[in-house]
Amino acid sequence: MTTSEVVLDVEGLRMRYGPADVLHDVTFRARRGEVVCLLGPNGAGKTTTIEILEGFRMRSAGRVEVLGTDPARAGEDWRARVGVVLQSWRDHGKWRVRELLEHLGRYYAAYATETVARPWWADRLIAAVGLTEQAEHKIRTLSGGQRRRFDVAVGLVGRPELVFLDEPTAGLDPVARRAFHELVLELAAEGDTTILLTTHDLAEAEKLADRIMVLDGGRIVADGTVAQLARQIAGQDEVRWTRDGQRFARSATESTRLVFDLFKQYGEEIEDLEVRRASLEDTYLSLVRQAEEGTR
């Protein structure tokens, strides 16, 4: 990874509240165009980590660079390069969808390009989040799913290089959640925008993330793709098969080798072969359990 590709560069991050350490030596990098998901139980330190990266909270120790700048000392020009989609936020419900996006675009124009201040840019954002029919509606009249998509449009109005999505689908119905996932995948497909996502929805993380970091007890206990994390958990693959009318099951770290040996030994006697690989939920729970046992 070259320096120019690094968007998030965190080393030895520590956060202390009074006598208690909330974050311990958190270290990771994220590159341009990557979708990274931060998973962890309540109290793991996810929100604190995100707030430090966004420049909303001062850290106790460690080095943090976001888009090449320490967020603790960043100015308005840096903030214009970052988009934030919070779980919820208040605004003037009387504003209309297009009206507010055009208004916000004028603030960003001084730091980005004049494009974001032009009406067609607001229309493009509105179309991207699927709200064309609601463009002239007042924000307070939007449904929950429509409002969540509008929140994303607000986060993207300045054409940011980095977007923070904090529990983006909390409270959405399945249809709205699917539409939101499609929007995130479209953003990721463009390859220029880096996304850091926090969620409690493991299926959502598995669907959207290029890479997953598991934070527990203020420490990153795992970092990798879903497949890489699953390989850290020995014996999670389960192979099931039928032979001579009997059903068999066996756990194996190398299920491919086991299947090969079975067919080599029994050939066509093997029926109803099934390989159940570790899901992200299996892996996540195992990693968190191991981390908690290691701190006892």
Need at least 2 residues that are over 27 Å from L67 (Cβ atoms) and basic (K, R) per element, so show me which helices (runs of 4 or more DSSP H) inside the range 165-235 make the cut, counting only ones lying wholly within it. 174-190
Is it the case, given these coordinates, that R57 is modelled with pLDDT of 90 or more, closer than 16 Å to L215 by Cβ and assigned to a loop (DSSP other than H, G, I, E, B)? yes
Quick one: how many residues across the range 189-210 are of a type outside the set (D, E) and crowded, with 19+ Cβ neighbours inside 10 Å? 11
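Here's the yes/no breakdown for (1) touching a strand residue (DSSP E or B) at 6+ places or on another chain (Cβ under 8 Å); (2) under 23 Å from Y284 (Cα atoms); (3) surrounded by fewer than 16 Cβ atoms within 10 Å (Cβ to Cβ):
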position	(1), (2), (3)
V7	yes, no, no
M15	yes, no, no
G18	no, no, yes
L39	yes, yes, no
G43	no, yes, yes
L53	yes, no, no
M58	no, no, yes
R63	yes, no, yes
D70	yes, no, yes
So I139 fits all but one of (1) out of contact with any strand residue (DSSP E or B) (no Cβ under 6 Å at 6 or more places or on another chain); (2) of a type in the set (V, I, T); (3) at pLDDT below 90; what number is the exception? (3)
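The values are calculated or read from the model by the stated rules, or taken from the named source; none is laboratory data. Being a predicted model, the structure only gives us computed values, none of them experimental. All Cβ positions, even for glycine, are placed from backbone atoms using ideal geometry, and neighbour counts span all protein chains on display.
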